[in-house]
Amino acid sequence: MTNENILIGKDTGELNGFAALGITGALLKATNAAGFTDPKPIQAQAIPPQLEGRDIFGIAQTGSGKTAAFALPILSKIIALGTKRRPKTARALILAPTRELAVQIEEMIKLLAKGAHVSTALVLGGVSRFSQVKKVAPGVDILIATPGRLTDLVREGDLMLADTKWLVLDEGDRMLDMGFINDVKRIAKATAPDRQTVLFSATMPAEIAELAKGLLKNPIRVEVAPHSTAAAEIVQGVVFARTKQKRQVLANMLADEAMKSVIIFSRTKHGADRVTKDLERDGFKAAVIHGNKSQNARQKALNDFREGSVRILVATDIAARGIDVPGISHVVNFDLPDEAESYVHRIGRTGRNGMDGIAITLCDPSENSKLRQVERIIRTKLPIVADHLGSPDPQRNPAEKNERSFEPANDRNDRNGRRDGRRPGGANNGFGKKRFGDKPAFAGERKPEGAKPFKGNNKRRFGGKRPAARAA
Ligand code: AMP
């Protein structure tokens with residue numbers, strides 16, 4: 001292929017920036033076909049050193065383009081080496097903490113490997129083991145796996161990792177949170193000693209730095225977003241509401257037609273089920289995804305949400321990790337996460353690919369300290385979009401009442417650039433002034449009792465201004 005052919009995109013005559021990073025041939029064509037012509041920053045940083053054989057330590061979140069960043073160099077090398085595989089082996093292994101993320105990674109690899117002869121396989125818990133054993137029996141080029149089931153296959157002798165020369169650990173911090181650390185270490189030890197290793201993590205707790213030290217050889221460090229800082233295009237806000245008020249607040253919000261595609265986070269599986277049931281009782285169709293659901297149920301929920309047949313997905317933190325559904329307009333935190341860093345991951349489901357996103361957090365006074373931790377991490381005070389705590393609850397212990405609950409919203413919001421005169425404590429749907437409408441909230445849905453649809457766009461609800469979502 002001439003240089004010109006390598007550099008020229010499909011039929012458009014546009015230059016493809018991946019060529020300059022060292023990506024060639026079928027892979028370059030596939031990037032064009034996928035519409036990837038400008039490498040994302042993480043790709044620009046990580047691809048050239050990986051092609052040179054360097055280990056990579058990447059700090060990047062889902063949505064940054066990290067999958068293609070680690071997949072393209074591995075695909076390049078595997079294509080260059082031809083199809084030499086021994087039975088029951090994998091030439092490259094990508095470890096992911098959740099089944100959903102693993103499925104997404106395989107989809108991306110298949111997209112990028114279009115036109116090249118590269119085999120992939122998935123090894124995941126929760127689905128038939130037999131078909132996975134059969135798939136890896138002749139040997140596979142790229143295996144994408146969750147650590148538990150992979151350990152099982154290796155232990156039973158259905159898979160050997162001695163030929164695995166490329167190892168990727170994706171979402172290392174979540175792998176740690178989910179208790180996979182020892183599995184990961186054992187798996188890494190079973191791979192080829194001269195392997196190339198890539199570790200991606202959205203955050204960098206001390207244990208990740210420790211893991212990197214043990215697994216990576218003289219790595220190049222790449223980083224796209226400052227540590228634990230939310231993406232810039234997400235408008236964020238907090239609604240103060242007591243736990244028992246949250247159901248109604250949520251129903252009022254969802255009656256707004258502007259909430260086209262919404263992911264609602266719940267801290268616990270039980271909570272996610274309860275929120276989903278309440279939504280259904282309130283006339284909203286919602287899918288739910290959490291760790292107690294079967295793989296098929298999770299995949300169906302995700303597909304329904306992705307295809308738009310349901311516009312509301314209720315999820316727990318772990319189940320939602322890695323979900324990349326384009327066009328999520330709103331994230332609602334029904335409660336605050338236990339770990340403040342999860343907040344960054346939650347809201348990162350929206351505001352992707354340059355599109356606007358809105359993230360609203362419902363906060364009971366008992367969650368104030370968690371809210372403060374979140375604000376510390378994102379280095380921003382969340383503007384109050386509504387405060388339903390106006391009348392003190394006489395049954396509450398006064399010591400529980402945090403002064404912030406009664407802090408004038410305007411004072412706080414002024415600091416964030418909003419001066420729209422909204423008062424705390426009023427009857428307010430969580431986005432500002434109440435407006436009335438009589439159309440059903442969403443095609444095919446019954447208007448929930450007490451739900452008042454709103455007209456107008458989201459920005460108006462924030463006084464036409466976007467509070468600073470990122471401090472750094
Ligand atoms: P990831 O962080 O790997 O989950 O990727 C996030 C999203 O970015 C995916 O939906 C990809 O399809 C998309 N993407 C990755 N690389 C590029 C690129 N260079 N140009 C445009 N979109 C991309």
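The values are calculated or read from the model by the stated rules, or taken from the named source; none is laboratory data. Given the structure is predicted, the values throughout are model-derived calculations rather than measurements. Methodologically, a virtual Cβ is constructed for each residue, glycine included, from the backbone with ideal geometry; neighbour enumeration extends over all protein chains shown. Just the protein is used for accessible areas: all its heavy atoms, side chains included, with ligands, DNA and RNA removed. Shrake-Rupley method; radii C 1.70, N 1.55, O 1.52, S 1.80 Å.
Values for this structure:
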{"read-out": "Residue within region 25-36 that is part of a loop (DSSP other than H, G, I, E, B), within 8 Å of the ligand (Cβ to nearest atom) and not aliphatic (A, V, I, L, M) present", "value": "yes"}
{"read-out": "Residues of region 1-24 satisfying the condition of being in a loop (DSSP other than H, G, I, E, B) and either of a type in the set (A, V, I, L, M) or modelled with pLDDT under 90 (or both)", "value": "Met1, Thr2, Gly9, Lys10, Asp11, Thr12, Gly13, Glu14, Asn16, Leu21, Ile23"}
{"read-out": "Of all residues in region 174-206 being hydroxyl-bearing (Ser, Thr, Tyr) and under 22 Å from the mean Cα position of the chain (by Cα), the one that is surrounded by the fewest Cβ atoms within 10 Å (Cβ to Cβ)", "value": "Thr203"}
{"read-out": "Where Thr89 falls short, out of the listed (1) open to solvent by less than 10 Å² (accessible area, probe 1.4 Å); (2) within 16 Å of the ligand (Cβ to nearest atom); (3) not hydrophobic (A, V, I, L, M, F, W, C)", "value": "(2)"}
{"read-out": "Boolean, Thr191 is in the same structural domain as Arg54 (by TED's automatic domain parsing), in contact with a helix residue (DSSP H, G or I) (Cβ under 8 Å, 6 or more places away or on another chain) and of a type in the set (Ser, Thr, Tyr)", "value": "no"}
{"read-out": "Region 63-86, residues that are within 25 Å of Ala137 (Cβ to Cβ) and within 16 Å of the ligand (Cβ to nearest atom)", "value": "Ala71, Ile74, Leu75"}
{"read-out": "Qualifying residue in region 50-57 (condition: within 13 Å of the ligand (Cβ to nearest atom) and not charged (D, E, K, R))", "value": "no"}
{"read-out": "Close pairs from region 361-387: first over 20 Å from Ile264 (Cβ atoms), partner in a helix (DSSP H, G or I) and open to solvent by 20 Å² or more (accessible area, probe 1.4 Å), Cβ under 8 Å, at least 6 apart", "value": "Pro365/Glu400; Ile377/Glu341; Lys381/Arg415"}
{"read-out": "Which listed residue is more than 25 Å from Glu257 (Cα to Cα) and either under 15 Å from the mean Cα position of the chain (by Cα) or within 16 Å of the ligand (Cβ to nearest atom) (or both), from Asp324, Asp338, Asp317", "value": "Asp317"}
{"read-out": "Residue selected from region 103-119 under the condition open to solvent by less than 30 Å² (accessible area, probe 1.4 Å) and outside any helix (DSSP H, G or I), by the criterion nearest to the ligand (Cβ to nearest atom)", "value": "Ala113"}
{"read-out": "Matching residues in region 166-179 - criterion: being at pLDDT below 90 and over 19 Å from Gln61 (Cβ atoms)", "value": "Gly179"}
{"read-out": "Where a residue in region 215-235 is at pLDDT 60 or above and its partner, wherever it lies, is aromatic (Phe, Trp, Tyr), with Cβ under 7 Å and at least six apart", "value": "Leu216/Phe57; Pro219/Phe57; Arg221/Phe57; Val235/Phe462"}
{"read-out": "Among residues of region 120-132, those that are out of contact with any Lys or Arg (no Cβ under 9 Å at 6 or more places or on another chain) and either outside any helix (DSSP H, G or I) or crowded, with 16+ Cβ neighbours inside 10 Å (or both), counted", "value": "1"}
{"read-out": "Checklist (1) surrounded by 18 or more Cβ atoms within 10 Å (Cβ to Cβ); (2) touching a residue at least 24 places away in the same chain (Cβ under 8 Å) applied to Asn32, failing item", "value": "(2)"}
{"read-out": "Pairs where the first residue, in region 190-213, is in contact (Cβ under 8 Å) with a residue 60 or more places away in the chain and the second is open to solvent by 40 Å² or more (accessible area, probe 1.4 Å) and among the acidic types (Asp, Glu), C-beta under 7 Å, 6+ apart", "value": "Thr203/Glu341"}
{"read-out": "Candidates Arg54, Arg85, Arg91 - the one that is closer than 20 Å to Glu171 by Cα, in contact (Cβ under 8 Å) with a residue 60 or more places away in the chain and charged (D, E, K, R)", "value": "Arg54"}
{"read-out": "Helices (runs of 4 or more DSSP H) wholly inside region 254-349 that include at least 3 residues being free of Cβ contacts under 8 Å to residues at least 60 places away in the same chain and open to solvent by 10 Å² or more (accessible area, probe 1.4 Å)", "value": "269-281, 295-307"}
